[in-house]
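Each reported figure results from applying straightforward, stated rules to the coordinates on display, with no laboratory input. Bear in mind that the values here come from a model prediction, so they are computed numbers and not experimental data. Note that we place each Cβ from the backbone using ideal geometry, even for glycine, and neighbour counts take in every protein chain shown.
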Amino acid sequence: MIQVLFVVLFGAVAIWFAYKVFTTASMMRSALALLFSMTAVGAMFLALQAEFLGVLQIMMMASEMVVMALFMIMYMMNPGGLAAMEMTHQKRLSIAVAVVAGLLAVGAALFGGWPLATEAVAAPAGQTRELGLEIMERSMLVFETAGVTILVAMIATTALAIRRPA
Amino acid sequence: MSVLVVSLIVAAVLFAIGLYGALSQTNLVMIMMGVELMLAGAMLNVVAFWRYLHPEAYSGQMFVLVLMTVMALEMAVGFGVATARFRSRGSVEMEEAVELRG
Amino acid sequence: MTLVAYLLLVFVGAYVVAVVEEWSTSGRLRPTAPLLHGLALLARESLTPRRHDRNLFEAGPTLLLVAAVLALVALPLAPGLLPVELATGALWLNAALVYVAVALLMAGWGPDGAYAMVGGFRFVGQFIGYAMLIVMPVTAVAMRAESLATIAVVESQAPLWNVLAQPLGFVLFLVAAMAVCFLPPFDQPVAAAELAGGVFGEYTGVRLVVVRLGRLVLVLTLALSVTVLFLGGWLGPWLPPAVWSLLKTLAVVLVMLSVGRYLPRLRTDWALEWGWKLGIPLALVNILWVGVVLLVGPA
């Protein structure tokens, strides 16, 4: 019961901040709103008893969004949002597409007929251990691929962003 | 309603808001924010499925780790593109990027 | 009840840090000075900047205090004295410390003033420099403990404290810890001489009390985390465990507050350069060293 309460509460917080991301005029506020939306999603992970993932989400997203805030201020024409300006296009189409996609996903959630599992979840320490074994044994190749992808992205990003002599 | 359905609905709403943002914003950084929200919705789905359908399969949790990697990569590459674009054109407004149309 | 006692203990700890801080700058030991300053600040008018962003302005200092306390509750004073027992305590510590940067960013942007904003962004730059140096030494410590729980981390140090088992990690973490709580020489964001108070320059009265308290608790948190992760926590002969923890924490606070006084302020670009080109390779060497010792060393 208390779990439902927490999931609903953090879910509402996540949705509220996600809504604020695209409705506020100030860039800093919208970056911070995204940050708190992600933090609320991390708190939902905690409420869903995935402790390691929840704490990881709370940590990673906060650092990502702090960096994002920095870049937004660097590259925005009007970061403070002191003068009202239009930064959207094809608004009607976007709303229509988003509503249709959202309704489809909600419908799938409501009428999916999920076969709920009955077994209990392992304790947090056991979960972290099992996750580590999964990474290092069965899914090692997947994890290695993720690592190599990170390396490739690092090199590509540096090559993109480096200042070339004119 | 079970917790699973509640989580899935929250994830669906996050995805819809992210989709709206990615389609409607004209600024590259704001578009990336929309993509991040969509990915967050996907991650929430995976965690909820892991918890209520297959709590014994830890590949579900690992998949969330891979998704987090994807999010970080999307940010890094996106900022690389933004930096390159800002250097050459002085703006990251995507309305002005019509020459990419090919 | 225990929670109230714990918060009281945190408050007393922050007070001691304040006394030590004044002693390290002025050389005078005045146990009542922080109390008098605090009371004076409470009575003073609390001014607000003209066009501040109200939410960010008010939430910044509060988030600083909350982040420091959240990091603190995952650290044990003694076997039974751990407010929140998490299986992922070491990771939780990292997660809570990231929100210090968020708090400073908010406090810097909120007042809509040039000095505060520059201070906030300087701290974000510094954060990018030190973030990895917090995470990687903690990873090495968790490797040795074979657990992320802080209790297990302390217990793993019974044969040999981590400060001797992985001295490189200890030095890196101590330096990064000083950068987290923007102590000199990492006090770019609040630099009194060039930014007129920096991030917190626009805060007065009650809000300034929250800011100061948040920073003191942050120093206390980082000192306790150095103690728990590297100095063997409560381990020690004769005295009761909690006393050992407190004594070690006090020693770390002394070191953290006094060392930087003899160094010039570190420029942001140098902090970034040294953090990434020197610090991260050293942290990787440390992880490799710990891994090799774990593999070939005595079981």
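So what's Rg/Rh here for the protein assembly as shown, counting alpha carbon atoms and using the Kirkwood radius for Rh?
Details: Rg = 24.0 Å, Rh = 25.0 Å.
Result: Rg/Rh = 0.96.
What Kirkwood radius, in Å to one decimal, follows from the Cα pairs of chain C?
On the way: mean 1/r = 0.0509 Å⁻¹.
With all distinct Cα pairs of chain C included, I get 19.6 Å.
Report the extension gain between C:V84 and C:R28 in nm, rounded to one decimal, defined as 0.36 nm multiplied by the number of residues separating them, less their alpha carbon distance. Can you show the working numbers first?
Numbers: separation 56, 0.36 × 56 = 20.16 nm, distance 3.71 nm.
Stretched fully, the C:V84-C:R28 segment lengthens by 16.4 nm.
Go ahead and run the numbers for FRET between C:T62 and A:A25, Cβ-Cβ distance against an R0 of 22 Å, rounding to 0.05.
Working: r = 24 Å, r/R0 = 1.08.
Calculated value: 0.40.
Averaging sequence separations of C-alpha pairs under 8 Å and six or more residues apart, then dividing by the length of segment C:153-299, give the relative contact order as a whole percent.
On the way: 122 pairs, mean separation 48.8, N = 147.
So the answer I get is 33 percent.
What is chain A's relative contact order, in percent, from Cα pairs under 8 angstrom and six or more apart in sequence?
Reported relative contact order: 19 percent.
Could you calculate the FRET efficiency of A:R138 with C:A43 from 1/(1 + (r/R0)^6), where r is the beta carbon distance between them and R0 is 45 Å, rounded to 0.05?
Values: r = 64 Å, r/R0 = 1.43.
For R0 = 45 Å, the calculated efficiency reads 0.10.
Would you mind calculating the gained length between A:L104 and A:R164 on full extension (0.36 nm times residue separation, minus the Cα-Cα distance), in nm to one decimal? If you can, show how the numbers build up before the last one.
Details: separation 60, 0.36 × 60 = 21.60 nm, distance 4.70 nm.
Result: 16.9 nm gained on full extension.
Please build a GNM for chain C, connecting alpha carbons under 10 Å apart, and tell me which residue among C:V226, C:V154, C:V16 fluctuates the most.
Greatest mean-square fluctuation among the candidates belongs to C:V16.
According to the Cα gyration tensor, what semi-axes, each the square root of 5 times an eigenvalue, does the equivalent ellipsoid of segment B:3-101 have, listed from largest to smallest in whole Å? Show your work: numbers first, answer last.
Values: eigenvalues 215, 47, 10 Å².
For segment B:3-101, the ellipsoid semi-axes come out as 33, 15, 7 Å.
How far apart, in nm, are two points set 7 Å out from the Cα along the Cα-to-Cβ line at A:M154 and at C:W276?
Result for the modelled spin labels: 1.1 nm.
Please report Rg over Rh for chain A, where both radii come from the alpha carbon positions and Rh follows the Kirkwood definition. Intermediate results must be reported in sequence, preceding the final value.
On the way: Rg = 20.3 Å, Rh = 19.7 Å.
Radius of gyration relative to Kirkwood radius: 1.03.
What's the FRET efficiency of C:L164 with B:E56 using the Cβ-Cβ distance as r and R₀ = 51 Å, to the nearest 0.05? Write out the running numbers ahead of the final one.
Working: r = 41 Å, r/R0 = 0.81.
The calculated FRET efficiency here is 0.80.
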